[in-house]
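Presented below is the structure to which this report refers.
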Amino acid sequence: MITVKVMQIPGTIREVALEDDATVSDALSAAEMTVGAGYTLKVDGNEAEVSQPLTNGQNITISNSAKGNV
C-alpha cells in the first residue's frame, strides 16, 4: 500500500491509501476529485498525466491554470 495526498487549489486536501501499482487516475477516483477544463495536474510540482504511476508519499495538485502576458 502507498499513501498520497491529493490537493485541489483552492479547496480540498485528501490523503488516500492506494495499491502499490496505483496511478494518478486511481488517486483522483479515491479522493473523489476530477481535473476540469482550465486546470493543471501536477505530481510533486511537475506536470503529469492521469496514467502516471505513483509512489508512496507523493503529492498530487489540481490547480487553476494561470496564464501571464504573452
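Can you name every residue in the stretch 6-21 that is assigned to a strand (DSSP E or B), open to solvent by 90 Å² or more (accessible area, probe 1.4 Å) and either more than 11 Å from residue 61 (Cα to Cα) or touching a residue at least 60 places away in the same chain (Cβ under 8 Å) (or both)?
15
Can we say residue 36 is over 11 Å from the mean Cα position of the chain (by Cα), at positive phi, surrounded by fewer than 17 Cβ atoms within 10 Å (Cβ to Cβ) and of a type outside the set (Val, Ile, Thr)?
Here the answer is no, as residue 36 does not meet what is asked.
The values are calculated or read from the model by the stated rules, or taken from the named source; none is laboratory data. Model, not experiment: these values are computed from the prediction. We place every Cβ from the backbone using ideal geometry, glycine too, and count neighbours over all the protein chains shown. Side chains included, ligands, DNA and RNA excluded: accessible areas come from the protein's heavy atoms. Shrake-Rupley method; radii C 1.70, N 1.55, O 1.52, S 1.80 Å.
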